[in-house]
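Read through the structure below, which is laid out as structure tokens, and then see the notes.
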DNA sequence: TGCGGAAACTATACGGTGTGAAGTTTTCAT
DNA sequence: ATGAAAACTTCACACCGTATAGTTTCCGCA
């Protein structure tokens, strides 16, 4: 029993990874129970039986922790909508849109705090860094949307006959991700993707933020009808 | 020059009103420059050459101040969209929707912090009280939307022929405000109003929160095209 | 004209937050 | 076994909202 370096990763790093994961887990729990503002280093440390400053060994700053959370949450969202997409990939464009939309909404309603973290004002004064997993997840979501637009495009292109959109209208970074996946996509189809996105995000964010509760008592029905309307406007001869 | 009680309101109350207004003005400036979280009593007091606690003579708590700001801002938004509505009240439903939508978006882009204050997570842990000017302004906005739906209804009702909506689907408080103004409005038309609302809020909130900047470089164009698409889906034979 | 009371404001204090610097303990590699 | 590095604690500071008590200023009325 000379030394203990039996494993590859090393015991130290494993403990470190576990602690890192526990910090994020506790932070997510706090966020789920008390909103994004409940993510305080001291509360996390209290929950873990540590000192607040100990967390600085794992995250340089509180914003870094929030960034890590956003990365995780955003990736989870991307996984959810990708799963929704995959479950309907063999079906027509209308079913794909429906599957994607419901996956998006279901995830958002199941993780409202996460939704706020991604799409709202997560933590006052917080600004997302440039790199990281969050932009990557965002691009996965965008690519999913582009896939919906790509599938629906043959049915809807006549509506965009006089569209004024051109490639320079869109973010180069977005196009760099989307165009390789869907080379035949015209600029107007990207606009269609953004249109679908605007629809879904609009309704879901209204619902998540509670601005719909004061208006309708059946957000479910509203969402389904609105979705049916969107699909019908894209693929006219579509059975609801 | 016996005594100074020459005016009706009284000097004391006038000074009080001025100080109250200055507090709100400074708070709005802080919010505009540093986000909603920059609204701190100490910062306001610092800016005004006072002590933070002096503000407690004007607002019982920080949330009360935020509530007052929300009331003001929400009223300003309602004024803006009402003005947009009034400027096109003599025109057809398509023009009305366009005018209302552009008024809404223009106001939101001119007052992004105000938009966040109203529709986002204004201040962590903040919960709006029941009464006050904000719900009233919200109902003005809703009534404006109902007016759009009412004007467009004859053109679009065939789309809602098999609609499943009924009055119990909607918030009674909302209906109590809307139905007296538009007695002939069927339930599905309220759904149409919410549909327009979902569109506009969705796109504008994406834009205000910067989630559109990473996708399109011409949010203006996207909004106009999306609006044209919405109008076209409501009033088919409509010149863009 | 003077006075009493109310209103406006300050001073002090408490518990909360993020974060920096310094010191201590634990663990690993040699 | 020992030295270095990592993990963690302690103390400190500035900031936040807010409660309490004390002080100053002003208005209305006798």
*Under the rule of -39500 (n - 2.57) per DSSP H run of 4 or more residues, summed and divided by the residues of chain B, what mean residue ellipticity at 222 nm is obtained, to the nearest 500 deg cm²/dmol?*
-22000 deg cm²/dmol
*asked:* I'd like the distance separating the alpha-carbon centroids of segment A:200-218 and segment B:193-218, in whole Å.
replied: 14 Å
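Run the numbers on segment B:143-240 and let me know its relative contact order in percent, using alpha-carbon pairs under 8 Å that are six or more apart. Can you show the working numbers first?
Details: 50 pairs, mean separation 35.0, N = 98.
It comes to 36 percent, rounded to a whole number.
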*Every other copy gets compared here: list the nm distances from the residue A:214 label point (7 Å along Cα to Cβ) to its counterparts, shortest first, one decimal.*
3.0
_Interatomic Cα distance distribution for chain A, bins of 10 angstrom, percent_ = 7, 26, 29, 21, 11, 5, 1, 0
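Among A:208, A:81, which comes first, second and so on when ranked by fewest other beta-carbon atoms within 10 Å?
Working: A:208 21, A:81 25.
With the sparsest Cβ surroundings first, the list reads A:208, A:81.
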*By how many degrees, between 0 and 90 and to the nearest 10, does the Cα long axis of helix B:219-234 differ from the longest principal axis of chain B?*
50 degrees
_When a/c reaches 1.5 or more, the comparison of a/b and b/c decides; with that in mind, is segment A:7-59 rounded, prolate or oblate per its Cα gyration tensor?_
prolate
_A:39, B:235 arranged by Cβ crowding within 10 Å, fewest neighbours leading_ = B:235, A:39
_With angles folded into 0 to 90 degrees, how steeply does helix B:62-87 sit against the dominant principal axis of chain B? Use alpha carbons for both and round to 10._
40 degrees
*Stick to the Cα atoms of segment A:174-221, pair each with every other, and give me the Kirkwood hydrodynamic radius in Å at one decimal.*
12.7 Å
*Please give the helix B:93-110 orientation as an angle from the longest Cα principal axis of chain B, in degrees from 0 to 90, rounded to the nearest 10.*
30 degrees
*Shortest first, in nm, what separates the label point of residue A:184 from those of the same position in the other copies (7 Å along Cα→Cβ)?*
4.8
*In chain B, what residue has the beta-carbon at the shortest distance from the axis of the rotation relating B to A, and what is that distance in angstrom, rounded to the whole number?*
B:202, 1
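Once you order the gyration tensor axes a ≥ b ≥ c over the Cα atoms, which shape class does the protein assembly as shown get: rounded for a/c under 1.5, otherwise prolate or oblate by comparing a/b with b/c? Mind showing how you got there, number by number?
Values: a/c = 1.95, a/b = 1.00, b/c = 1.95.
Oblate, since a/c reaches 1.5 and b/c is not below a/b.
Just rank A:89, A:33, fewest to most, by other beta-carbon atoms within 10 angstrom. Numbers along the way, then the final one.
Details: A:89 12, A:33 9.
Fewest-to-most ranking of A:89, A:33: A:33, A:89.
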_Simple label model, 7 Å out from Cα along Cβ direction - residue A:17 to residue A:56, nm_ = 2.7 nm
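Answer rounded, prolate or oblate for segment B:115-234, using the Cα gyration tensor with square roots of eigenvalues a ≥ b ≥ c: rounded when a/c is under 1.5, else prolate when a/b is larger than b/c, else oblate. Mind dumping the intermediate values first?
Working: a/c = 2.39, a/b = 1.14, b/c = 2.10.
Oblate.
All of the numbers you see were taken from the coordinates with simple rules; none came from a lab. Only a predicted model underlies this, so the values are computations on that prediction, with no experimental measurement involved. Glycine also receives a Cβ, built like all others from the backbone with ideal geometry; neighbour counts cover every protein chain displayed.
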